[in-house]
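This report refers to the structure that appears directly beneath it.
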Amino acid sequence: MLEFIASIESSVRGYVRSFPTVFSTASGAWLTNSEGRRYLDFFAGAGALNYGHNPRCVKDALLDYIASDGILHSLDMATEAKVAFLRSFDSIILKPRGLDYRVQFTGPTGTNAVEAAIKLARKVTRRSHIVAFTNAYHGHSLGALALTGNRYYHDECYGSHNNVTHLPFDGYLGATDTSQLLEKLLDDRSSGLPMPAAVIVETIQGEGGIRVASTAWLQNLQRICAHHKILLIIDDIQVGNGRSGTFFSFEPAGIKPSMVCLSKSIGGGLPMSLVLIQPQFDQWQPGQHTGTFRGNNLAFVAGKAVLEYWKDNRLGEHVQSLSKWTEACLRGIVERYGDDTWSVRGRGMVWGLDVVSGAVAKCITARAFELGLIIETSGADDHVVKLLPPLTITDDELSLGLKLLEQAVREVVSEPPAMPPVAKIVTPISVPGCGYVNS
Ligand code: PMP
């Protein structure tokens, strides 16, 4: 079957190369391939499956909706499914956080939400320039690509660098506070930096190698943007939806961005993207940023179902406890198998094991796959092993995945020290039907 895919699907295909098998079913944190082999998922659809594969609440809601001939496609007409989603989003997410935003549904990719946000910022401010950051990732259509740092995705002939300046993200220059550089460039009429319409930033850079912006840096960005009447756009596409431990990743910083881009898990595993816009900036004319597949009703139904997880703080607390455990395990791995160039970064349930070399990271993730663990790399040179399990993963499943990761690391580095230390943290586990795991 893989040969058939290789013969017919464009060479642009990517993840099938990292995980060369044909998947057939999935449940919770597990994928099963067509031969019945099970894989533990530490990738979770790059953050689109924060609630796991086929959560019960989503399946039930979708089956009911389809059985009752619910509307599937409606452009951006009003449907009961849309109203129900918006009511839940307002009452469960926005109101309790004191956030006042209009919701714009865009085409169902994160990239299209970014396109909409930067277009609107340009329209509102009558300025064309945008500031993005080193290692930023905002998508691949040409507007969003201009904001994305990694040269691998660029080609000069795309002509996609226009009207964007990349400035150093928090930590890029060591201890230097890079928000001061932004401030100085903006204050100085002769700096050469055009006054931008917007500053767009990920609070934790996912594809960029799990780089976490500090609270102080984010607060400085908000202050600087407000001073110069620049819109602050938070791209929460990968680390929103609870990934960082709170629903929005910027909550701990106490900031209120002008716009927020959300996608991935907002649709409960189905395609949906939106931009949250402070009301004074919602200056679109009807249909000015349109698209046939805005308003995916099945995603409204699934998205409403998973919002129920946020009615109390249990999921947030679960994420915090998994987070501490994951960090401790990763630090143990660095201590045992790395050297002082290796590092661990992250927050909530987005963690990176920076092994400095893309080749080493690739070997680790490839070996992990052989052992039954789906895990990806990120960073400029793909040198960071990125952990992105479903937030609903159980303690036992997380233990197993971390153990498999440790085994992969141990086998890849040349002189493996003795293994047991994980047992300090990991309780012994047996996973039924997981016969390929050497536990
Ligand atoms: N922004 C961020 C922060 C992302 O992580 C991604 C996807 N990885 C995107 C934008 C683009 O989203 P999509 O792939 O759905 O277009």
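The values are calculated or read from the model by the stated rules, or taken from the named source; none is laboratory data. Computed from a predicted structure; not experimentally measured. Note that each Cβ is placed from the backbone with ideal geometry, even for glycine, and that neighbours are counted across all protein chains shown. Side chains included, ligands, DNA and RNA excluded: accessible areas come from the protein's heavy atoms. Shrake-Rupley method; radii C 1.70, N 1.55, O 1.52, S 1.80 Å.
Quick notes on this structure:
Residue-wise test of (1) in contact (Cβ under 8 Å) with a residue 60 or more places away in the chain; (2) more than 15 Å from the ligand (Cβ to nearest atom); (3) surrounded by fewer than 16 Cβ atoms within 10 Å (Cβ to Cβ).
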site: Leu99; (1), (2), (3): yes, yes, no
site: Ala116; (1), (2), (3): yes, no, no
site: Tyr137; (1), (2), (3): yes, no, no
site: Leu147; (1), (2), (3): no, no, no
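- Given (1) within 16 Å of the ligand (Cβ to nearest atom); (2) crowded, with 19+ Cβ neighbours inside 10 Å, number of the condition Ser141 does not satisfy: (2)
- The stretch 347-373, residues that are open to solvent by 40 Å² or more (accessible area, probe 1.4 Å), within 20 Å of Tyr172 (Cβ to Cβ) and touching a helix residue (DSSP H, G or I) at 6+ places or on another chain (Cβ under 8 Å): Arg347
- Qualifying residue in the stretch 232-239 (condition: modelled with pLDDT of 95 or more, touching a Phe, Trp or Tyr at 6+ places or on another chain (Cβ under 7 Å) and within 13 Å of the ligand (Cβ to nearest atom)): yes
- Matching option when the condition is surrounded by 19 or more Cβ atoms within 10 Å (Cβ to Cβ) and either without any contact (Cβ under 8 Å) to a residue 24 or more places away in the chain or part of a strand (DSSP E or B) (or both), among Val301, Val344: Val344
- Selection of the stretch 374-390 for residues being touching a helix residue (DSSP H, G or I) at 6+ places or on another chain (Cβ under 7 Å) and surrounded by fewer than 24 Cβ atoms within 10 Å (Cβ to Cβ) yields Glu376, Thr377, Asp381, Asp382, His383.
- Restricting the stretch 174-215 to residues that are of a type in the set (Asp, Glu) and under 18 Å from Gln238 (Cα atoms), the residue that is most open to solvent (accessible area, probe 1.4 Å) is Glu207.
- Sole exception among (1) in contact (Cβ under 8 Å) with a residue 40 or more places away in the chain; (2) in contact with a Ser or Thr (Cβ under 6 Å, 6 or more places away or on another chain); (3) open to solvent by 60 Å² or more (accessible area, probe 1.4 Å) for Asp76, by number: (2)
- Of everything listed in (1) over 19 Å from Met195 (Cβ atoms); (2) more than 13 Å from the ligand (Cβ to nearest atom); (3) at pLDDT 95 or above, the single unmet condition for Gly107 is (2).
- Subset of the stretch 191-217 (residues that are free of Cβ contacts under 8 Å to residues at least 40 places away in the same chain and not in a loop (DSSP other than H, G, I, E, B)): Thr215, Ala216
- When the criteria are applied in full, Val431 meets the requirement of being surrounded by fewer than 24 Cβ atoms within 10 Å (Cβ to Cβ), in contact with a Leu (Cβ under 7 Å, 6 or more places away or on another chain) and at pLDDT below 95.
- Restricting attention to the stretch 292-324, the residues that are in contact with a helix residue (DSSP H, G or I) (Cβ under 7 Å, 6 or more places away or on another chain) and modelled with pLDDT of 95 or more total 17.
- The set of residues in the stretch 1-20 that are open to solvent by less than 100 Å² (accessible area, probe 1.4 Å) and either of a type outside the set (S, T, N, Q) or not in a helix (DSSP H, G or I) (or both) comprises Leu2, Ile5, Ala6, Glu9, Ser10, Ser11, Arg13, Gly14, Val16, Phe19, Pro20.
- Tallying residues that are out of contact with any Leu (no Cβ under 8 Å at 6 or more places or on another chain), open to solvent by less than 40 Å² (accessible area, probe 1.4 Å) and within 12 Å of the ligand (Cβ to nearest atom) within the stretch 265-290 yields 2.
- Out of Ile224, Ile237, Ile255, one residue alone is touching a helix residue (DSSP H, G or I) at 6+ places or on another chain (Cβ under 6 Å), among the β-branched types (Val, Ile, Thr) and in a helix (DSSP H, G or I). It is Ile224.
- Annotation note: of Gly171, Gly159, the sole residue that is away from the ligand (no atom under 16 Å from the Cβ) and crowded, with 17+ Cβ neighbours inside 10 Å is Gly171.
- Residues being away from the ligand (no atom under 16 Å from the Cβ) and open to solvent by less than 30 Å² (accessible area, probe 1.4 Å) - total across the stretch 49-60: 5
- Checking the stated criteria, Ala46 turns out to be within 16 Å of the ligand (Cβ to nearest atom) and in a helix (DSSP H, G or I).
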